[in-house]
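What follows is a single structure, written as structure tokens, with notes after it.
The values are calculated or read from the model by the stated rules, or taken from the named source; none is laboratory data. Keep in mind that this is a model prediction, so the values were computed, not measured. Heads up, the Cβs are rebuilt from the backbone with ideal geometry, glycines too, and the neighbour counts pull from every protein chain shown. For the accessible areas, the whole protein counts, side chains as well, though only heavy atoms, and no ligand, DNA or RNA atoms are used. Shrake-Rupley method; radii C 1.70, N 1.55, O 1.52, S 1.80 Å.
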Amino acid sequence: APRGRILDRNGKVLVDNRISVQVTIDRAVLSDLDDEERLAVLTRLADGLARSGIPTTVDQLEERIADQRFSPYVPVPVASDVPEELKIWIDEHADELPSVAAIRVAVRRYPYGRLASHVLGYTGKITKEELDAKGEAAKPYTLNDEIGKSGVERVYEDHLRGKPGITQLEVDTDGNTVRVIEEGTTAPVPGDDLVLNIDIDVQATAEQARQTALARAASRPPRGDDAPNVGKVGSTVVLDPNSGGVIAMASFPNFAPSDFVDGISEKEWALLSDPANHYPLNNWALQGQYAPGSTFKPFTALAALEAGIITPQTTVNDTGVFQVPGCRGASCLFRNDQSKAYGIVDLRRSLTVSSDFYYYNLGARFWTGQDALGGPEAFANLLEKWGFYNKTGIDLTGEQEGRIPSPKWLKAYCEQAKCLETTWRTGDNVNMAIGQGNVLATPLQLAVGYAALGNGGVRWVPQVAKEVRDGVTGRVTATFEPKQAGKVEMNPAWQQAIVDGLIGVTTREGGTAVGAFAGFPSNAYPVAAKTGTAQVSRKAPTAVFGAFGPALAPQYAVSVLLEESGYGGSVAAPVARRLFDVLSGTVPLPPAPEGGQLGDVGDLVPEGGDVSD
């Protein structure tokens, strides 16, 4: 039975079925031939395939026939997507080609090419292990069947798979087919259609903007002593902050799901598995673990507010260089980017201009004042409420956890890693406060965190699938309701101060994304955002951006991360700007191109921004 289709939230077909002409060999019939007749059939078939542009040898046909993956009771496919002319030739020469047939079968079709490949996934021949795991499934499998291997094709396999029809065969004691008792005892039933929360047009915009940003970063000379921008990996996530619906999830490098139709060659698989190609099968949006850099500061600020270390009005004199209290020497000094001094800053301005000094101070105070705040784990415990340390629970496989380090974590880690330094110090807290050190988050976790900042503290489980529809009638048979993963209680005054500071990032003088959002209609559609630049030893910085908008009643939460590409304000922020252009309706949302061919977004993505983030 054909698999169900996969559609986006607006009904656009993302995965469909197409008809492919497939050449098969019936092993039962072939086994009745003597050696000379068998060789003649296979030689004639190999010659016909070669004349049709499909070079094939007799040895290759024999190898395929002997492949134990295929059921002994059904013909073995030996060539797919053959020309119609070959089918006519095989039909006309049926007497000379006993056991050979050319049939039409349904295979997967991907109208948008590589777009959303990591979300959609791919299918492949079922393995013996997978077959055993399915057991007595309601929709039975054989070793010749296709099964979802990744993405929603895998997660929602039970819905997408059709129920196969049944033909009764009589076989002898050797397993050879004697006769067909009854053809079509039970008719096949198509699989159900799966509707996603994904908007393929937004997805295309996200992938296009990311592609442009990586190319521009690679052409931009490095800043100061930074390593060259050579980033080849990037991801973008767009969520509905009021439900957790995944509107777009773009990961690069990507792959073509169509390459897996009828099996993938060893050479193609090696390319997809080669570290030099940055593992195209990896979904970096949920598998990539990165230091979030300054995008982490709002969560540090909320931890400090809850602990009573500061109020929204608390100010510090940012001199550009922070010295750890009671510490002497160069290792005790922590600097703003380029040691820039911001003077008197309160909470709002600390976020707008991205004052590292302000957050260095908070990290240090959590450590030096730990006795009154709940002990050495107090800072980590408050940060963990935002879910960075565990998986979000998204309905895709392969998701990785983040990390909120602490003295307890360091001790456990060093018991296995045999660390040279096992003592947690004030500097570790200082680094953690700005999202560096041992802090890790996935781009998906970052999007979930910013969605919660905007909606009042609710962490929704990200949900790719929206509903299931009967593949024949179109009737909705199942829906996937929003699920809460947690709720962080926030004083409304604290939230307002954080949001004000984040709005300043895109609108006020000194804001680290003002350049990227120049000309954006911020009065009508304010975007609350934070830039981040994660420093990586001996590599160019990783550019990060987290945002939600419109700020006072969020409809979208966005995260952008581009490896080894430079600064968040000048590299990642323009990607988000392009997305908010179309999400806000400022710029018409262009339709996703058929085949997924993307071009440069040109001048629609502004350059610039204060890169002191």
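General observations
- Selected residue (criterion: nearest to residue 3 (Cα to Cα)) from residues of the range 80-112 that are part of a loop (DSSP other than H, G, I, E, B) and open to solvent by 30 Å² or more (accessible area, probe 1.4 Å): 81
- Within the range 398-442, being of a type in the set (A, V, I, L, M) and touching a Leu at 6+ places or on another chain (Cβ under 6 Å) holds for 404, 433.
- In the range 1-26, the residues that are farther than 26 Å from residue 475 by Cβ form Cβ pairs under 7 Å with partners that are among the basic types (Lys, Arg), at six or more places apart or across chains, as follows: 21/87; 21/104.
- Hits in the range 134-145 (condition: open to solvent by less than 50 Å² (accessible area, probe 1.4 Å) and within 21 Å of residue 24 (Cβ to Cβ)): 141, 143, 144, 145
- None of 544, 560 is under 14 Å from residue 294 (Cβ atoms), of a type in the set (A, V, I, L, M, F, W, C) and touching a Leu at 6+ places or on another chain (Cβ under 6 Å) except 544.
- Pairs are defined by a Cβ separation below 6 Å, a sequence spacing of at least 6 or placement on different chains, a first member in the range 392-415 that is over 15 Å from residue 119 (Cα atoms) and open to solvent by 60 Å² or more (accessible area, probe 1.4 Å), and a second member that is modelled with pLDDT under 95 and not aliphatic (A, V, I, L, M); the pairs so defined are 401/390.
- Every residue from the range 51-79 that is closer than 18 Å to residue 265 by Cβ, hydrophobic (A, V, I, L, M, F, W, C) and open to solvent by 30 Å² or more (accessible area, probe 1.4 Å): 54
- From the list 298, 241, 292, 221, the lone residue that is more than 22 Å from the chain's Cα centre (by Cα) and closer than 27 Å to residue 582 by Cα is 298.
- Any chance residue 497 is more than 26 Å from residue 198 (Cα to Cα), assigned to a loop (DSSP other than H, G, I, E, B), open to solvent by less than 40 Å² (accessible area, probe 1.4 Å) and in contact with a helix residue (DSSP H, G or I) (Cβ under 6 Å, 6 or more places away or on another chain): no
- The set of residues from the range 416-453 being among the hydroxyl-bearing types (Ser, Thr, Tyr) and either open to solvent by 30 Å² or more (accessible area, probe 1.4 Å) or farther than 23 Å from residue 375 by Cα (or both) comprises 422, 423, 442, 450.
- Among the residues listed as 131, 115, the single one being out of contact with any Gly (no Cβ under 7 Å at 6 or more places or on another chain), touching a residue at least 12 places away in the same chain (Cβ under 8 Å) and open to solvent by less than 50 Å² (accessible area, probe 1.4 Å): 131
- Set side by side, the residues 241, 280, 253, 275 differ, and just one is open to solvent by 20 Å² or more (accessible area, probe 1.4 Å) and at negative phi, which is 275.
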